[in-house]
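J.: Input: one structure, supplied below.
The values are calculated or read from the model by the stated rules, or taken from the named source; none is laboratory data. Fair warning: this is a prediction, and the values are worked out from it, not measured in the lab. Here the Cβ is made from the backbone with ideal geometry for all residues, glycine too, and neighbour counts use every protein chain on show.
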Amino acid sequence: MESGLYRAAISDDRDFFRRLTSSDANILLQVTSLQQDTILHVAAKFRRKEIAAMIMNLLPSLVYKKNSKGDTPLHITARLGSLEVVQVLISYACCERLELEANENLLRTVNMDRNTALHEAARKGHFEVVVSLIQKDPDLAMLTNNAGESPLFLAVDKMHFRIASYILETVPGCSFQGRNKMNALHAAVIRSYVHGKEMNTHVKQLRNPLFFVVHLSVRDCVRFIRFGVATLLRRDIQQDHVTDFIKQLIKKHPSTIIEANNIGWTPFHYAAYAGQEAIVKELLLADNSTACTKNGEGMAGLHVAAREGHIPVLKMIAETCPDIWDLKDNNGRTALHVAAESGKAKAVKFILKQVAEDNINDQDNEGNTALHLATLQGHGKIFLLLTNDKRADKTIMNEDFLAVVDIIDSRRAINFFRQGWMIFQLSIAGGLASLEQGRAKKIEARTKPERGIVKNHGDEEVEDKRLKTEGEEVLSFNHLRNMAGTNILVSTLIATVSFAAAFTLPGGYKNDGPDEGLPVFIKKASFRAFVVSNTIAFSCSIASLIFHNFTALLVKRNTIAFWTYFAMVFSSFAICGMFIAFIAGSFAVLGDCTALIMAIFLICCFMFALQFPPLLSIDLLTI
């Protein structure tokens, strides 16, 4: 394309095009070297309405010309949202004589992706352009592109619900199909979840007081607060738009509820997965059978909600379909199995209130009950819930002839204390090991040497390497020794400090009078608290050292592990006693210095609280 022609189009040089006559029309046939754009494409890209009109007067057939991507000028203007240029192109193209000459309908012309101009406008969210195109040809809303996407689906996918609602109202018979066998209802449900999740991430920052500590600038704080408020409002508005559109779509096309995509998921599966209560409610009201529709894995929306732990969704399903708890997936698992395996304790607790005894003891295709799965996955809270439920049978064996007790006993990664505690809980609840495993253990005990410490001919202890059972690492003797060494050091320091503090009391001793030799603060409650807590710290640290000394006489790994953990528990008590002794001693010495006392108290409480997160993160029931 000549540079002068190109510059005239992009600079809106109307005089240049006025000087052209019909005999100069061949100049307009030139195209760009890369995109193969005609001069009308160029005018459309730069939104030159008057230039486009002049070009069409000179050479109307250019409106049907395509570039290297198969786009006509109308595709480009629809994508850009230039309503005036779109109207100019349509007015010329819809001339009956021109259509007959071109033997083509411009509005239905598709590019290489088989997108029409309506597809482009709907994807980009240009409402006025969509209205203009549909008014000219409502049947455009029934066409799909190479990916199988309809204009309605694209509008929903990009969250342009105003456009989607207009298409649905204006063209009731429009296509709602989308890519990967999804429909517009799939897109609406998925977008409501994904968009809401992104916004919730920003809202959480607004609720975090540390944000305002880090961003000390007043301008930044004000800007973030404004953003947070706008985010909250936008989230609520978008959610309302999604819900309203879903109601509208379900009313006009009820079949969209039960349609599954290429992986077998219906819109209800996605709503249950996201925990979208309002959408789940609408879908159940429209067709409650959708709760029983299974995907490719045989999972219904009930299983998905149980796996994700969405209690409100489970409640809605239970109210609508009270007999649904017998529903099983391809693995023969009920919702209780799925929740137990996924570690959703609240969901398990809710389901236990809904189901009968027979459902609690249901076995999957491998013979596992919910209790088996919770034990295998190491979900301690669920293990307790099911163990304490009198209806749960703790003696059932799976296809491998393993009862729950056998699973616990076979997991070598469980430390002795935890393993014993769990078996004790099961025994109280009536749990029994299988006969097959009991016999196998006796044979193994007679034929295999003790695991743990191995002695050579020189009576020197040789560290056993870290053993592995079924891909899991077993607690080695070396690891136990490292734990014990660290704990001995801590206990020794606490014992030394607390012993010294017992004879160097805060405030000193009285030097005269009838109470000579007694502590100065002996009558203060804080001093007495100091003495008691210091005694606890000293006693617990000494007890910990005694336990460690006792383990030196032991050989069995499990027994060593038991007493090592016991010693660590006493060390924790000693640390707590030392904290309390320091606070109480400070109270006794500082007297009426309230501000200083509070500062010391808050600092100590903060440091004391730091040890709880790691302690709470250790679930004694986790396998």
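J.: Determine which member of the set Ala599, Ala595, Ala561 is closer than 23 Å to Ile494 by Cα, at pLDDT 75 or above and either in a helix (DSSP H, G or I) or of a type in the set (Lys, Arg) (or both). First the steps, then the outcome.
T.: Values: Ala599 fails: closer than 23 Å to Ile494 by Cα; Ala595 fails: closer than 23 Å to Ile494 by Cα.
Residue meeting the stated conditions: Ala561.
J.: Here is a follow-up. Surrounded by fewer than 15 Cβ atoms within 10 Å (Cβ to Cβ) and in a loop (DSSP other than H, G, I, E, B): does that describe Leu20? Write out each step before concluding.
T.: Numbers: surrounded by fewer than 15 Cβ atoms within 10 Å (Cβ to Cβ): no; in a loop (DSSP other than H, G, I, E, B): yes.
No; evaluated as a whole, the condition is false for this residue.
J.: Right, here's the next one. Inspect segment 309-331 for any residue being of a type in the set (Gly, Ala, Ser) and buried (at least 24 other Cβ atoms within 10 Å of the Cβ) and give the result as yes or no. Walk me through how you get there before you give the answer.
T.: Step one: filter segment 309-331 for residues of a type in the set (Gly, Ala, Ser), giving 309, 318.
Among the residues that remain, those that are also buried (at least 24 other Cβ atoms within 10 Å of the Cβ) are: none.
No.
J.: Being more than 14 Å from Gly577 (Cα to Cα) and part of a helix (DSSP H, G or I) is the filter here; which residues of segment 497-525 pass it? Walk me through it before giving the result.
T.: Looking only at segment 497-525, we keep the residues that are more than 14 Å from Gly577 (Cα to Cα), and these are 500, 503-525.
Answer for segment 497-525, where residues must be more than 14 Å from Gly577 (Cα to Cα) and part of a helix (DSSP H, G or I): Ala500, Phe503, Ala525.
J.: So, in segment 161-196, exactly how many residues are in contact with a Leu (Cβ under 8 Å, 6 or more places away or on another chain), assigned to a loop (DSSP other than H, G, I, E, B) and not small (Gly, Ala, Ser)?
T.: Number of matching residues: 2.
J.: Next question, about the same structure. Might you check whether a residue that is among the aliphatic types (A, V, I, L, M), in contact (Cβ under 8 Å) with a residue 40 or more places away in the chain and outside any helix (DSSP H, G or I) occurs anywhere in segment 544-556? Break it down stepwise before answering.
T.: Looking only at segment 544-556, we keep the residues that are among the aliphatic types (A, V, I, L, M), and these are 545-546, 552-555.
Keeping just the survivors that are in contact (Cβ under 8 Å) with a residue 40 or more places away in the chain gives 545, 555.
Those left that are additionally outside any helix (DSSP H, G or I): 555.
Among the residues of segment 544-556, at least one is among the aliphatic types (A, V, I, L, M), in contact (Cβ under 8 Å) with a residue 40 or more places away in the chain and outside any helix (DSSP H, G or I), which makes the answer yes.
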